[in-house]
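Chemist: Have a look at this one before I ask anything.
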Amino acid sequence: MLDSPTSLLKGIGGEIAAGHLIPFLGPDVLALGGEPVVPNGARALALALSSKVGVPGRIKQNLWHAAQYIETHKHRVTVDKMMAEIFKTIPEPNALHLWLAGLERLPMVVDTWYDGAMRAAFVAKGRTDWGQIQGASKARRLDGGVWARAVGADGATVADDIVEAWRTVLYKPHGAAQPTGDVLVSDADYVEVLTDIDIQTPIPEAVKIRRAGRGFVFLGCRFYDQILRTFARQVCKRSGGPRFAVVPDELTRNEIKFLEIEGIQPLTMPLAEAVAIITSTAPG
């Protein structure tokens with residue numbers, strides 16, 4: 001007899017709490033706390049950028065093309081300033097953020113959006129045994145060989161070997177507005193990363209170690225764009241499984257195909273309902 005969605009989600013909550021499943025957060029998670037104070041999705045962010053600088057209509061809803069247009073015509077500094085301004089307000093951590101931040105057995109949280117809510121949740125919980133690893137854009141790398149940078153709980157950039165001692169890693173593969181303001185957002189940012197990501201070079205060693213033997217749970221994620229699918233695939237590559245995704249019922253054909261190919265079991269239900277069940281699990 002198949003488990004009911006509620007029973008399955010309770011089990012997923014227990015596996016997250018035990019450190020066996022890694023949460024993979026998308027921008028829709030921000031809507032759990034009410035109307036988001038920052039754009040919560042690639043299309044919404046593309047429109048926010050386009051509202052500040054004139055962008056051709058055909059690319060207004062494509063984040064990476066819109067950002068590249070602005071970078072090409074107004075300079076990269078303009079893109080960075082716009083992103084910093086858009087994400088200046090840090091969303092109040094919601095119940096999911098706070099629950100995850102309280103799980104001391106959780107080795108890693110993958111957060112694919114640029115906001116600082118998950119970081120704020122760790123601070124709110126008084127955690128000091130964690131740190132953030134974020135993707136670094138080609139335009140702002142510390143040197144030619146750096147794909148990502150590590151930032152401690154105090155906001156200071158640290159050496160990679162410090163990461164080993166962190167109880168929990170917050171991995172922001174597309175970069176983050178806080179605390180360093182370094183983001184991947186334009187086509188140029190992604191060209192080199194996507195060239196090498198299939199051989200895993202841009203994936204930090206700490207991420208490879210912590211995903212080994214573990215599964216993933218996708219929450220608040222959509223996969224309608226190739227970049228979104230590629231990053232999800234490569235971040236989870238060589239992990240142990242299983243994989244689950246809480247999804248809406250209007251998935252595109254590309255999204256359905258992606259879930260099938262990657263062996264991700266879809267759980268079709270409202271995100272808020274699923275999160276309420278998952279977070280009802282007491283931290284172990």
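The values are calculated or read from the model by the stated rules, or taken from the named source; none is laboratory data. All figures in this text were calculated on a predicted structure; none of them were measured in a lab. Every residue, glycine among them, receives a Cβ derived from its backbone with ideal geometry; neighbour counts consider all protein chains shown. All accessible areas refer to the heavy atoms of the entire protein, side chains included, with ligands and DNA or RNA removed. Shrake-Rupley method; radii C 1.70, N 1.55, O 1.52, S 1.80 Å.
Chemist: Examine the range 252-274 for a residue that is β-branched (Val, Ile, Thr), open to solvent by less than 50 Å² (accessible area, probe 1.4 Å) and more than 23 Å from Ala148 (Cα to Cα), and state whether such a residue exists.
Modeler: Quick first cut of the range 252-274, residues β-branched (Val, Ile, Thr) only: 252, 256, 261, 264, 268.
Then keep just the ones that are open to solvent by less than 50 Å² (accessible area, probe 1.4 Å); that gives 264.
If we keep only those that are more than 23 Å from Ala148 (Cα to Cα) as well, we get 264.
Checking the range 252-274: at least one residue is β-branched (Val, Ile, Thr), open to solvent by less than 50 Å² (accessible area, probe 1.4 Å) and more than 23 Å from Ala148 (Cα to Cα).
Chemist: Are any residues in the range 49-66 in contact (Cβ under 8 Å) with a residue 24 or more places away in the chain, surrounded by fewer than 18 Cβ atoms within 10 Å (Cβ to Cβ) and either in a helix (DSSP H, G or I) or touching a Ser or Thr at 6+ places or on another chain (Cβ under 8 Å) (or both), and if so, which ones?
Modeler: Within the range 49-66, Val53, His65 meet the criteria.
Chemist: Here's another thing I want to ask about it. Please find, within the range 145-168, the residue that is nearest to Arg127 (Cα to Cα) out of those that are in a strand (DSSP E or B) and among the aliphatic types (A, V, I, L, M).
Modeler: Here the answer is Val151.
Chemist: Within the range 101-121, take every residue that is among the charged types (D, E, K, R) and in a loop (DSSP other than H, G, I, E, B) and give me the one that is least open to solvent (accessible area, probe 1.4 Å).
Modeler: Once the filter is applied, the top-ranked residue is Asp115.
Chemist: Could you please let me know if Thr230 is surrounded by fewer than 23 Cβ atoms within 10 Å (Cβ to Cβ), at negative phi and out of contact with any helix residue (DSSP H, G or I) (no Cβ under 9 Å at 6 or more places or on another chain)? Steps first, answer last, please.
Modeler: Numbers: surrounded by fewer than 23 Cβ atoms within 10 Å (Cβ to Cβ): yes; at negative phi: yes; out of contact with any helix residue (DSSP H, G or I) (no Cβ under 9 Å at 6 or more places or on another chain): no.
Criteria not met by Thr230.
Chemist: Follow-up. What are the residue pairs meeting all of these: first residue in the range 249-273, first residue touching a residue at least 24 places away in the same chain (Cβ under 8 Å) and closer than 22 Å to Leu21 by Cβ, second residue small (Gly, Ala, Ser) and open to solvent by less than 80 Å² (accessible area, probe 1.4 Å), Cβ atoms under 6 Å, and 6 or more apart or on different chains?
Modeler: Ile264/Ala245; Leu271/Gly220
Chemist: Just one of Ala282, Ala276 is of a type in the set (A, V, I, L, M, F, W, C) and modelled with pLDDT under 90; which is it?
Modeler: Ala282
Chemist: Quick one: is Arg243 more than 27 Å from Asn62 (Cβ to Cβ) and in contact with a Ser or Thr (Cβ under 9 Å, 6 or more places away or on another chain)? Working first, answer last.
Modeler: Working: more than 27 Å from Asn62 (Cβ to Cβ): yes; in contact with a Ser or Thr (Cβ under 9 Å, 6 or more places away or on another chain): no.
When the stated conditions are applied, Arg243 does not pass them.
Chemist: Let me ask something additional. Only one of (1) assigned to a helix (DSSP H, G or I); (2) within 30 Å of Asp154 (Cβ to Cβ) is not met by Asn40, so which one is it?
Modeler: Only one criterion in (1) assigned to a helix (DSSP H, G or I); (2) within 30 Å of Asp154 (Cβ to Cβ) is unmet by Asn40, namely (1).
Chemist: Just checking, which of Ala84, Ala31 is part of a helix (DSSP H, G or I), surrounded by fewer than 17 Cβ atoms within 10 Å (Cβ to Cβ) and under 17 Å from the mean Cα position of the chain (by Cα)? Let's see the steps before the verdict.
Modeler: Working: Ala84 fails: under 17 Å from the mean Cα position of the chain (by Cα).
Only one candidate passes the filter, namely Ala31.
Chemist: Looking only at strands (runs of 3 or more DSSP E) that lie completely in the range 169-284, which have at least 1 residues being within 24 Å of Arg119 (Cα to Cα)?
Modeler: Where strands (runs of 3 or more DSSP E) fall fully within the range 169-284 and carry at least 1 residues being within 24 Å of Arg119 (Cα to Cα), they are 215-219, 243-247.
Chemist: Which of the residues that make up the range 180-213 are touching an Asp or Glu at 6+ places or on another chain (Cβ under 9 Å) and either open to solvent by 10 Å² or more (accessible area, probe 1.4 Å) or closer than 20 Å to His20 by Cα (or both)?
Modeler: Matches in the range 180-213: Gly181, Asp187, Ala188, Pro202, Pro204, Glu205, Ala206, Ile209.
Chemist: Is there a residue being open to solvent by 30 Å² or more (accessible area, probe 1.4 Å), touching a residue at least 40 places away in the same chain (Cβ under 8 Å) and in contact with a strand residue (DSSP E or B) (Cβ under 7 Å, 6 or more places away or on another chain) anywhere in the range 158-175?
Modeler: Taking the range 158-175 first, the residues open to solvent by 30 Å² or more (accessible area, probe 1.4 Å) are 158-162, 164-165, 167.
Right, trim to touching a residue at least 40 places away in the same chain (Cβ under 8 Å) and you get 160, 164, 167.
Those still in the list that are in contact with a strand residue (DSSP E or B) (Cβ under 7 Å, 6 or more places away or on another chain) too: 160, 167.
Yes, the range 158-175 contains at least one residue that is open to solvent by 30 Å² or more (accessible area, probe 1.4 Å), touching a residue at least 40 places away in the same chain (Cβ under 8 Å) and in contact with a strand residue (DSSP E or B) (Cβ under 7 Å, 6 or more places away or on another chain).
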